[in-house]
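Colleague: Starting off with a structure, shown below.
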Amino acid sequence: MGVMKTPGVYIVEKNAFPNSVVEVATAVPAFIGYTEKAENGGKSLLNKPWRITSMAEFRSYYGDAPIPEFEIAEKAEDSTEDAAFIIGGKEYTADQSNTKYLLYFSMMLFFQNGGGPCYIVSVGKYNNDVEAAKLSAGITPLIKEQEPTMVVIPEAMLLAEDDCISVQQAALAHCGGVMRNRVTILDVWNGFKDRQDPDGDCIDNFRSKLGINYLDYSAAYYPWLNTTIVQDSDLSYANISNIDVLTELLKQEVATGFTDLDGLSDDDLATPGNKLRAAKRDQMLAEVDTIASVDGDAQKNLLHKTLISMSLMYGNILLDIKGKLNLLPPSSAMAGIYTMVDNARGVWKAPANVSLNAVISPAVNISHDEQEDLNVTTQGKSINAIRTFTGEGTLVWGARTLDGNSLDWRYVSVRRTLIMLEESIRLASKAYVFEPNTANTWVTMDSMITNFLTGIWKRGGLAGASPADAFNVSVGLGSTMTSEDILEGILRITVLVAVTRPAEFIEITFQQQMQKS
């Protein structure tokens with residue numbers, strides 16, 4: 001207080017307790033990709049991070065799902081793709097003919113798996129091609145946002161392999177080189193294919209091309225997922241671009257179903273049974289002829305239901321289309337799992353041995369032996385497996401960063417726990433910038449950090465039978481600082497923490513003993 005000049009009683013209040021450290025959010029992913037629109041109240045949101053908390057908010061700011069269009073064509077002789085249907089002895093496939101986008105469906109998968117608040121960076125609209133330069137540029141605006149703790153770019157999987165790797169490297173550099181307070185969740189390019197695929201081993205390609213920089217700020221997951229995001233009600237003949245081909249094939253199917261009427265005389269066709277079948281055939285052909293001309297949503301929906309009931313081929317086409325649209329990379333689902341586990345158990349709990357929602361199965365079944373090379377490899381680039389187990393569903397069966405050989409940063413939970421501790425203490429310590437670099441400040445900061453770490457230890461985030469075993473905070477002249485440090489205005493604090501690690505390998509030893517009674 002100021003100098004006392006007037007006689008009287010003066011009240012002096014002193015703070016008895018240090019500032020508290022507020023734990024920062026740990027599960028706020030930032031998604032980068034293409035959307036139907038990007039606007040808020042008439043103002044553009046392109047290349048601007050925008051916080052949302054639900055799928056309803058996403059639709060409000062960024063629009064609805066893309067409308068995929070598929071083209072029916074006869075299967076090429078050298079194609080390894082499974083046929084969608086067979087008719088007249090010929091195999092046919094249905095492949096997407098317009099530009100494919102993944103962000104909308106990935107957001108649905110994120111919220112299905114426990115996702116919460118997140119940021120969206122829209123880098124283009126559905127009339128734009130997916131470009132590596134735009135996706136990489138979408139990372140830059142995140143530099144000014146302190147809240148995101150994860151970066152997810154599912155649409156990198158739509159690029160050529162080398163372009164995909166360049167986007168992933170940009171995400172790694174942003175997380176580990178620039179910000180150092182977030183991680184990126186990566187997918188494996190062509191991760192829906194088996195490692196023995198004739199086109200090459202997708203895991204070996206991923207490992208060899210990704211490089212070695214900032215691997216401890218990332219986790220990768222394999223394989224892709226067969227999901228239930230796109231429902232039967234979301235598809236109809238409107239999703240088929242070449243309606244003329246569909247019409248001809250439906251007529252061929254109808255004709256095949258009534259071959260017993262071919263060549264019959266007028267007298268034979270006049271019999272009650274044949275007359276009824278001929279009338280049904282003509283009615284079905286008439287329904288097929290209306291596909292290209294029917295108007296109105298109600299009429300289109302009615303025609304769609306009619307085609308479903310009368311044509312097995314039509315149902316198979318839509319089933320094949322639904323399967324292709326529901327094949328999604330797992331990064332968005334894992335962002336949801338991270339959020340769910342953080343909220344339920346804490347960031348120090350490994351996001352593994354957790355089942356995935358809205359997932360039928362992994363695109364590739366991985367055995368115990370096959371996972372050995374994914375989890376432990378000489379290069380250290382561990383890939384977390386997603387596996388299916390009888391009676392348990394589809395589980396996340398790996399908890400490592402890409403820096404799998406590092407004893408410090410091997411586990412995702414360790415890296416993310418340290419980020420949380422570092423950011424929480426850093427933000428709380430800003431209150432003491434420009435305070436006197438004296439013992440009073442040192443003791444106050446020591447108490448503040450100690451109280452915070454004690455709370456984390458009580459919740460199970462730090463290992464040790466007592467706080468002294470779990471962490472240590474050191475600050476002071478001759479301990480962490482020299483006289484020159486104080487003259488230069490530097491206050492150094494050393495914090496040692498024993499972070500809990502997952503019990504990744506559990507060994508139970510059995511041995512026979514002699515009979516005692």
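Colleague: Shape of segment 237-325 from its Cα gyration tensor (a ≥ b ≥ c, root eigenvalues): rounded if a/c is under 1.5, otherwise prolate when a/b > b/c, or oblate?
Modeller: Judged from the Cα gyration tensor, segment 237-325 comes out prolate (a/c at least 1.5, a/b above b/c).
Colleague: Cα gyration tensor of segment 161-233, axes a ≥ b ≥ c as square roots of the eigenvalues: rounded (a/c below 1.5), prolate (a/b > b/c) or oblate? Present the calculation step by step, with values, prior to reporting the outcome.
Modeller: On the way: a/c = 2.62, a/b = 1.39, b/c = 1.88.
Oblate shape, in that a/c is at least 1.5 and b/c is the bigger or equal ratio.
Colleague: Label T80 and S479 with points 7 Å out from Cα along Cα→Cβ: what is the distance between them in nm?
Modeller: Computed distance between label sites T80 and S479 equals 6.3 nm.
Colleague: Let me ask another. Given charges of +1 on the Cβ of Lys and Arg and -1 on the Cβ of Asp and Glu, with all other atoms neutral, how large is the dipole of segment 237-325 about its Cα centre, in debye to the nearest 20?
Modeller: Once rounded to the nearest 20, the dipole reads 460 debye.
Colleague: Going by average Cβ density within 10 Å per residue, which order do the peptides 91-97, 26-32 take, highest to lowest?
Modeller: My ranking of the peptides, most packed first, is 26-32, 91-97.
Colleague: A further question follows. When the chain is fully extended, how far beyond the present Cα-Cα distance does F258 get from T494, taking 0.36 nm per residue of separation?
Modeller: Gain on extension, F258 to T494, equals 76.6 nm.
Colleague: Taking K381 as the anchor, which lysines have their alpha carbon closer than 18 Å to its alpha carbon, excluding any fewer than eight residues away along the same chain?
Modeller: Straight-distance partners of K381: K209.
Colleague: Then there's this: May I ask you to compute the full-extension gain from K300 to D469, defined as 0.36 nm times their residue separation minus their alpha-carbon distance, rounded to one decimal in nm? Please report the intermediate quantities before stating the final value.
Modeller: Details: separation 169, 0.36 × 169 = 60.84 nm, distance 6.92 nm.
Extra length from K300 to D469 when fully extended: 53.9 nm.
Colleague: Counting only C-alpha contacts under 8 Å and six or more residues apart, can you give the relative contact order of segment 345-502 as a whole percent?
Modeller: 20 percent
Colleague: Just want the ordering: S311, S233, from fewest to most Cβ atoms lying within 10 Å of their own Cβ.
Modeller: Ordered from fewest to most neighbouring Cβ atoms within 10 Å, S311, S233 come out as S233, S311.
Colleague: Hey, what did the chain get for relative contact order, percent, Cα under 8 Å, at least 6 apart?
Modeller: 17 percent
Colleague: Calculate, in nm to one decimal, what S233 and E370 gain on full extension: separation in residues at 0.36 nm each, minus their alpha carbon distance.
Modeller: Full-extension gain reported as 45.6 nm.
Colleague: Could you pull out every one of the aspartates and glutamates with an alpha carbon less than 13 Å from that of K144, ignoring same-chain neighbours closer than 8 positions?
Modeller: Candidates past the 8-residue exclusion: nothing left.
Colleague: Past the 21 Å Cα-Cα mark, which pairs from K37/K134; K100/K300; K251/K305; K251/K280?
Modeller: Beyond 21 Å between Cα atoms: K100/K300.
Colleague: Mean separation of Cα pairs under 8 Å and 6+ residues apart, divided by the residue count of segment 237-325: what relative contact order is that in percent?
Modeller: 33 percent
Colleague: Return the calculated 222 nm mean residue ellipticity for the chain, to the nearest 500 deg cm²/dmol, obtained by summing -39500 (n - 2.57) across DSSP H runs with n ≥ 4 and dividing by the residue count.
Modeller: -10500 deg cm²/dmol
Colleague: Please list 315-322, 297-304 highest first by mean number of surrounding beta-carbon atoms within 10 Å per residue.
Modeller: Descending mean neighbour count gives 315-322, 297-304.
Colleague: With a cut-off of 19 Å, note down the residues of segment 104-134 whose backbone N falls inside the zone around a label point 7 Å from the Cα of N47 toward its beta carbon.
Modeller: Answer for this model: 120-134.
Colleague: Dipole magnitude of segment 394-471 about its Cα centre, charges +1 at Lys/Arg Cβ and -1 at Asp/Glu Cβ only, in debye to the nearest 20?
Modeller: 300 debye
Colleague: Rank by packing, highest mean first: peptides 480-486, 41-47, with packing defined as the count of other Cβ atoms within 10 Å averaged across residues.
Modeller: Those peptides, ordered most packed to least, come out 480-486, 41-47.
Colleague: Counting Lys +1, Arg +1, Asp -1, Glu -1, what net charge surrounds S367 among other residues with beta carbon under 12 Å of its beta carbon?
Modeller: Here the charged neighbours net out to -3.
Colleague: What residues have an amide H closer than 5 Å to that of M481, excluding those fewer than 5 places away on the same chain, when H is modeled at 1.01 Å from N in the peptide plane?
Modeller: G476
Colleague: How much FRET efficiency would the formula 1/(1 + (r/R0)^6) give for E13 and Q146, where r is the Cβ-Cβ distance and R0 is 35 Å, rounded to 0.05?
Modeller: Calculated value: 0.60.
FYI, it's all coordinate maths here, none of it is from the lab. All values derive from a computational prediction rather than experimental measurement. Every residue, glycine among them, receives a Cβ derived from its backbone with ideal geometry; neighbour counts consider all protein chains shown.
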